[in-house]
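> This is the structure I want to talk about, given as structure tokens.
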């Protein structure tokens, strides 16, 4: 139990250091409280920040369950103006929501798998 808590704290610290850029009044403890709490609004806000700034998504996936990710990513229904975020949004929606959208940069993968 204590090890799980230590792992969670370390993951939150890593997320905070990687994405906050010192541009926040929040602390690691604030983010830990948000992740632990059942407050959907605060968790959604933190998820969106991590989605935008965690380039490979590894930390985001460590902090949130697949069910939570699916719930949060379902709200991302408007295209992003940044190409890398829009591609990431489409890929995550395909993975977590089984939604099929064209991602031109990845079409070669689809064509390779087609019979």
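Values in this text are rule-based calculations from the coordinates and carry no lab data. Here the structure is a predicted model, which is why all the values come from computation and not from measurement. Every residue, glycine among them, receives a Cβ derived from its backbone with ideal geometry; neighbour counts consider all protein chains shown.
> Return the residues of the range 56-74 that are surrounded by 14 or more Cβ atoms within 10 Å (Cβ to Cβ) and more than 22 Å from residue 5 (Cα to Cα); say none if nothing qualifies.
Passing the criteria: 70, 71, 72, 73.
> Please determine whether any residue of the range 43-55 is more than 19 Å from residue 88 (Cβ to Cβ) and exposed (fewer than 15 other Cβ atoms within 10 Å of the Cβ).
Checked the range 43-55: no residue is more than 19 Å from residue 88 (Cβ to Cβ) and exposed (fewer than 15 other Cβ atoms within 10 Å of the Cβ).
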